[in-house]
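First up is the structure itself, then whatever we jot down about it.
Quick note: the coordinates plus some simple rules give every number you see, no bench work behind them. Computed from a predicted model, the values in this text were never measured in an experiment. Cβ coordinates were reconstructed from backbone atoms using ideal geometry, including for glycine residues, and neighbour counts include every protein chain displayed.
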Amino acid sequence: MSFSLLRKIFPTNSYLGVDIGTTSIKVVELAKKKGLPLLKSYGFLESYGHLERLNNAIQTSTLKMLEQETAGLLVAIIKQIDAGTKSAIASLPAFSAFTTLLELPLMSEGDTAQAMSFQAKQYIPLPMASVTIDWMKVGERKDEETGEMKQQVLLISVPNEIIRKYKTIFKNAGLNLVALEIEGISTARVLTPRTDKNILIVDIGSRSTAISIARNGLLKFSGQTDFAGGSLTQTVASGLNIRVRRAEDLKKKRGLTGVGGEYELSTLMMPMLDVIISEVKRVKNNFENNYKESVESVILAGGGANLMGIEQYFSGQLGLPVSRANPFSEVEYPNEIGPFVKELGPEFVVALGLGIKAF
Ligand SMILES: Nc1ncnc2c1ncn2[C@@H]1O[C@H](COP(=O)(O)OP(=O)(O)OP(=O)(O)O)[C@@H](O)[C@H]1O
Ligand SMILES: [Mg+2]
């Protein structure tokens, strides 16, 4: 069974891409158009409560998502953007899913399906009855030792309980959930559709950082850490002995580029960034060692990508070219939002990646 509820048939003209993060919900509405899909509207709601009380996030990486409240937030945001459709495509956070990249000999799709159902039992750390499994072919590689061609297949499993929660939330919000996928897949679709090189994507959110390796629009490898934007704010708050809300403002305003008196900000944040970077390196090394392919460049996504100076810092630490995500390049958008696209881009990666799935 697949948790991509609807794979190919998208009957209506416009769709909502819905990204429910740990502290915010982002929604875009995309409509079919000749050429690129058209962005009709976008909106987001942020729960500021999380800055005051740590347990007040929309969901935590243990996924105790508050169904009723989340549905309420969704209703509010749908109203705010005056959405013209009820059909929604949503993402599951990286920490809710288990993915693994398997290499199999080249064979027919039917045989691959059969092989995968055997393989799944071996690789999935939970009882088979409690998870929903999906898989997709994401590439091919020639084995240097044997000279044999292999296909790379991404195996994904998600606890049924999580899928049930999402279905309930969307139903309660009066929306029709037509597809559900893990966020790394949406990210890969919108950030790497035209590159044949492996790209490392680091999505620094509020409570979690999702790390993905993708190519040709397809997710190949992923990892995750709970150190993220919120951790940076925390270190600033405790280091300067100021309130979290004030630390958040300082972080956003000054970033790593402050000089003189602000020098301390970067000194405070760099050790935390190094924690995130060491996790990124671990994922990268795992991928490169296991699959004998290398990563060529890095794209930063999530609100954390807007931290001033972060590109240079990551580039120095990783020794690779680093850029900020620009998912708006895959859609057509009204002129009025042109000036905001650069800053909104990293935060809307997942929502836009979901929205373009339909077209
Ligand atoms: N200009 C900025 N400079 C530094 N950090 C920023 C900036 N803008 C936003 N952030 C940080 O980005 C984070 C929010 O990012 P995002 O909206 O991607 O998170 P989320 O999707 O809700 O969370 P998650 O992905 O963890 O579920 C917050 O920690 C916020 O402080
Ligand atoms: Mg996010």
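Couple of notes before you dig in:
- Among 117-128, 216-227, 31-42, sorting by the average number of other beta carbon atoms lying within 10 angstrom of each residue, highest first, gives 216-227, 31-42, 117-128.
- Among beta bridges from DSSP that stay inside the chain, the antiparallel ones total about 70%.
- By definition, a body whose alpha carbon gyration tensor gives a ≥ b ≥ c is prolate when a/c is 1.5 or more and a/b is larger than b/c, and region 65-203 fits this prolate description.
- Overall shape: oblate for region 164-251, with the ratio a/c of the largest to smallest alpha carbon gyration tensor axis at 1.5 or above and b/c at least equal to a/b.
- Ellipsoid fit via the Cα gyration tensor, region 98-157: semi-axes of 23, 11, 9 Å, each the root of five times an eigenvalue, largest first.
- Only Cα sites of the chain enter the Debye sum here, all with the same form factor; the resulting log10 I(q)/I(0) across q = 0.14 1/Å is -1.22, listed in q order.
- Mean Cβ count within 10 Å, highest first, over the residues of peptides 84-96, 264-276, 192-204: 84-96, 192-204, 264-276
- Considering only Gly139, Gly147, Gly229, the Gaussian network model of the chain with Cα springs below 10 Å gives its largest mean-square fluctuation to Gly147.
- Amide H within-cut-off set for Phe221, under 5 Å, with H built and near neighbours excluded: Ile213
- For Gly139, nonlocal amide neighbours, meaning residues 5 or more places apart or on other chains whose placed amide H falls under 5 Å from its own, are Gln152.
- Checking every one of the trypsin sites (Lys or Arg not before Pro) in region 294-359 against DSSP loop status and a limit of 12 other Cβ atoms within 10 Å picks out no site at all.
- Amide H partners (placed H, <5 Å) of Ser41, local residues excluded: Glu29
- Note on region 98-157: dipole from Cβ charges, positive end direction compared against Leu104, Pro127, Leu154; the farthest Cα belongs to Pro127.
- Eligible lysines near Lys150 by straight Cα distance, threshold 22 Å, same-chain separation 8 or greater: Lys121, Lys137, Lys142, Lys197, Lys220, Lys284, Lys292
- Listed peptides 129-136, 315-322 by packing density, highest first (mean Cβ within 10 Å): 129-136, 315-322
- Sequence-distant lysines (8 or more away, or on other chains) whose Cα lies within less than 26 Å of Lys171: Lys8, Lys26, Lys32, Lys40, Lys64, Lys79, Lys86, Lys357
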